[in-house]
1. Is it true that some residue in the stretch 5-27 is surrounded by fewer than 10 Cβ atoms within 10 Å (Cβ to Cβ) and at pLDDT 75 or above?
2. Filter the stretch 64-106 down to the residues that are touching a strand residue (DSSP E or B) at 6+ places or on another chain (Cβ under 7 Å) and either of a type in the set (Val, Ile, Thr) or without any contact (Cβ under 8 Å) to a residue 24 or more places away in the chain (or both) and list them by number.
3. Evaluate the stretch 137-154: report whether one residue or more is touching a residue at least 24 places away in the same chain (Cβ under 8 Å), among the hydrophobic types (A, V, I, L, M, F, W, C), farther than 13 Å from Ile105 by Cβ and assigned to a loop (DSSP other than H, G, I, E, B).
4. What number of residues within the stretch 107-121 satisfy the criterion of being exposed (fewer than 13 other Cβ atoms within 10 Å of the Cβ) and either touching a residue at least 24 places away in the same chain (Cβ under 8 Å) or within 18 Å of Val171 (Cα to Cα) (or both)?
5. Give the residues of the stretch 86-136 that are outside any loop (DSSP other than H, G, I, E, B), among the aliphatic types (A, V, I, L, M) and closer than 15 Å to Lys160 by Cα, sorted by residue number.
Amino acid sequence: MTARFFTFLCLGAMMSCAATSSSTSTSNGNGSVTEETRAEKRGSGTAPNIDTRKYRTTFPAAPSHASAPAAPAAPTHHVREQVSVLMDSVAQANKNIKYAAGYRILAYTGIERNTAMTLRNNLIQRLPEAKDYLTYKQPTYQLKIGDFFTRVEAQAALAKIQDLLPNALLVQETINIPK
């Protein structure tokens, strides 16, 4: 370890000595350094400056009498009719879509039909615009409310009925698209 350190130290000293010996100053006889020797010192190891202006591309100057811009070119290939036909076909195809991925509120899951029906009537009074879905899979009833495209819409509706149903959940489900 010490030998390596000493070796690096010696190499560093030799390199610094070599650098100082190559940078001796040249004088012109009266003790001053000339501009040529300064340029040699500065530019030693670099290429001389080359004028590259002759290789640059030149463009003709714009005529000075043409102060007004030229009229824009008129389109020659109109596709407005084709686009409107395609948009109509897309709109017609979208009318046939009846289902989408969305959210519903799971309000009740249980085996008592009367409880589900009374809860359904209370929810219709609170959320008259939301559609309710009461399903029966033996032996349980499930009451779900609404067709919401985003979770934010479903969360806002859930906040309206949270005091009535503290255990209500948001569930992802295929929803009916309202027409």
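1. No: the stretch 5-27 contains no residue that is surrounded by fewer than 10 Cβ atoms within 10 Å (Cβ to Cβ) and at pLDDT 75 or above.
2. Here is the first cut: in the stretch 64-106, the residues touching a strand residue (DSSP E or B) at 6+ places or on another chain (Cβ under 7 Å) are 98-106.
Within the stretch 64-106, just Ile105 meets the criteria.
3. Narrowing the stretch 137-154 to residues touching a residue at least 24 places away in the same chain (Cβ under 8 Å): 139-151, 153-154.
Filter again for among the hydrophobic types (A, V, I, L, M, F, W, C), leaving 143, 145, 148-149, 154.
Right, trim to farther than 13 Å from Ile105 by Cβ and you get 149.
Next, only the ones that are assigned to a loop (DSSP other than H, G, I, E, B) stay: 149.
Checking the stretch 137-154: at least one residue is touching a residue at least 24 places away in the same chain (Cβ under 8 Å), among the hydrophobic types (A, V, I, L, M, F, W, C), farther than 13 Å from Ile105 by Cβ and assigned to a loop (DSSP other than H, G, I, E, B).
4. Of the residues in the stretch 107-121, 3 are exposed (fewer than 13 other Cβ atoms within 10 Å of the Cβ) and either touching a residue at least 24 places away in the same chain (Cβ under 8 Å) or within 18 Å of Val171 (Cα to Cα) (or both).
5. Of the stretch 86-136, the ones outside any loop (DSSP other than H, G, I, E, B) are 86-95, 99-110, 113-126, 132-136.
Within this subset, residues satisfying the condition of being among the aliphatic types (A, V, I, L, M) are 86-87, 90-91, 93, 100-101, 105-107, 116-117, 119, 123-124, 134.
Scanning the stretch 86-136 gives Ile105, Leu106, Ala107, Leu119, Leu123, Ile124.
The values are calculated or read from the model by the stated rules, or taken from the named source; none is laboratory data. Not measured: the values here are computed from a predicted model. Quick reminder, even Gly has a Cβ in these numbers, built from the backbone with ideal geometry, and neighbours come from all protein chains shown.
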